[in-house]
1. For segment 211-237, give me the residue count where each residue is assigned to a helix (DSSP H, G or I) and within 15 Å of Tyr301 (Cα to Cα).
2. Before we move on, is Gly269 open to solvent by less than 60 Å² (accessible area, probe 1.4 Å), in contact with a strand residue (DSSP E or B) (Cβ under 8 Å, 6 or more places away or on another chain) and under 26 Å from Ala173 (Cβ atoms)?
3. Could you grab me the full set of residues in segment 65-86 that are in contact with a Leu (Cβ under 7 Å, 6 or more places away or on another chain), more than 15 Å from Val122 (Cβ to Cβ) and crowded, with 20+ Cβ neighbours inside 10 Å?
4. Out of the residues in segment 107-128 that are open to solvent by 40 Å² or more (accessible area, probe 1.4 Å) and within 17 Å of Leu80 (Cβ to Cβ), state the one that is modelled with the lowest pLDDT.
5. If Val166 satisfies all but one of (1) at pLDDT 65 or above; (2) surrounded by 12 or more Cβ atoms within 10 Å (Cβ to Cβ); (3) out of contact with any strand residue (DSSP E or B) (no Cβ under 9 Å at 6 or more places or on another chain), what's the number of the condition it fails?
6. Give me a count of the residues in segment 226-247 that are open to solvent by less than 20 Å² (accessible area, probe 1.4 Å) and in contact (Cβ under 8 Å) with a residue 40 or more places away in the chain.
7. Can you pull out the residues in segment 181-216 that are within 15 Å of Leu239 (Cα to Cα), modelled with pLDDT of 85 or more, out of contact with any Phe, Trp or Tyr (no Cβ under 6 Å at 6 or more places or on another chain) and of a type in the set (A, V, I, L, M, F, W, C)?
8. Do any residues in segment 346-367 that are surrounded by fewer than 13 Cβ atoms within 10 Å (Cβ to Cβ) have Cβ atoms under 8 Å from those of residues that are modelled with pLDDT under 85, where the two are at least six apart or on different chains, and which pairs are they?
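The values are calculated or read from the model by the stated rules, or taken from the named source; none is laboratory data. If you're wondering where the values come from, they're calculated on a predicted model, not measured in any experiment. When we count neighbours, we look across all protein chains shown, and the Cβ atoms used for this are built from the backbone with ideal geometry, even at glycine. SASA here: full protein model, heavy atoms, side chains in, ligands and nucleic acids out. Shrake-Rupley method; radii C 1.70, N 1.55, O 1.52, S 1.80 Å.
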Amino acid sequence: MMATAAMDRPTARSRDAARRRRRWSPVTFWIRHRLLPAEAFVLPALLALTTVLGVLAHLHNPWVQTSMVTLPLLLGGFTLRFTAQLVLLAVAAVVVLADSATMNPSRPDPGTVLLVGTTALVVLVMSRERVRLGVRGTRGESMLFDLRERLQAQGRVPKLPNGWKVDVALKSAGGQSFAGDFLIASRSDQGGVLQLGLVDVSGKGLDAGTRALLLSGAFGGLLGSVPAEEFLAAANRYLLRQGWEEGFATAVHLVLDLESGEYECYSAGHPPTAHLNAASGEWELREPPGPVLGVLPEVVYEPSRGRLAPGDSLLLYTDGLVERPGRDLSVGLDRLLGAAQTLQTKNFPGGAMRIVDTVARSVNDDRALVLLCRAPKGAAS
């Protein structure tokens, strides 16, 4: 019983904590529990800056105007959470109205009120968007930058042995950073097999970019982890599980033996691949059958087979390079292959981007092209 009574008695530490809680004012409690550690210093500093600017403007300081309270509002938009920004906005509103009423009691300066009000509205709208994302300050932009870098890293082609060259060009609709076209690449542990996957997600630009980010990670994990003949089938099952309204995508999957040059090409509703035969100087279109990803369950994809001899090239691309409303697909294919044919007389580096700029420079669609070339015998590596 004595032990139980001793346990029930408050310890000295708990009594001290209770006294500290009683000493907290509502403002102190809000600062302690509602503000992030950094905000506990940033918010008072911005409130003080807003007040000082208002006082100096009231004293007719030649270097300060009342509209300069927009500066702490902008700083708060990048450093404070939404609730803390409301406190800063309330103080700024009091300062603006007080200064305007003092300088012209009958009619506050409408220009200053409009400028500060518009700035506050923009900051609050941007802050609400960051709240939806669950990030604060500039972390949202940093996160998107990191995601874009990861998407691009997925498409970096591993270093190839001498005699092989690959050039990649990716351009999004409207010049945006995210697109629905992406490339994934993998080289076997022994280094003898290269796998490339070029995917075109339905939609374009930012609308398709979010889905492309998800699919690039998922498809990149599948590539090289499942047997090559099962890659598109596994990607199709994954896409079906997402249940997206616009959940389809086209894809082409290339499996290349870097020793012999033999390859298998699987297609899921993708435009035909183009093979340049160096002996004849002609491009051959190869269109392996297969439905688009995310529409039909339990699909089996059959490959087309070929061999890249020394001097041959292979062209993989998305429909943004060849399809135009009201124009036959064959016209776009002829333009693309004509530009690629001209490229053979020029230096290889940057060739993919030159082809894209030649046939689809100002097209409002995502565009992607992969140009794979095997050097002729005796050519310098």
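1. Looking only at that region, the number is 10.
2. It is true that Gly269 is open to solvent by less than 60 Å² (accessible area, probe 1.4 Å), in contact with a strand residue (DSSP E or B) (Cβ under 8 Å, 6 or more places away or on another chain) and under 26 Å from Ala173 (Cβ atoms).
3. Residue satisfying the conditions is Ala84 alone.
4. Ranking the candidates gives Arg128 first.
5. (3)
6. Summing the residues that are open to solvent by less than 20 Å² (accessible area, probe 1.4 Å) and in contact (Cβ under 8 Å) with a residue 40 or more places away in the chain in segment 226-247 gives 6.
7. Those that are within 15 Å of Leu239 (Cα to Cα), modelled with pLDDT of 85 or more, out of contact with any Phe, Trp or Tyr (no Cβ under 6 Å at 6 or more places or on another chain) and of a type in the set (A, V, I, L, M, F, W, C): Val201, Leu215.
8. Partner pairs satisfying both residue conditions: Asn364/Ala173; Asn364/Gly174; Asn364/Lys204.
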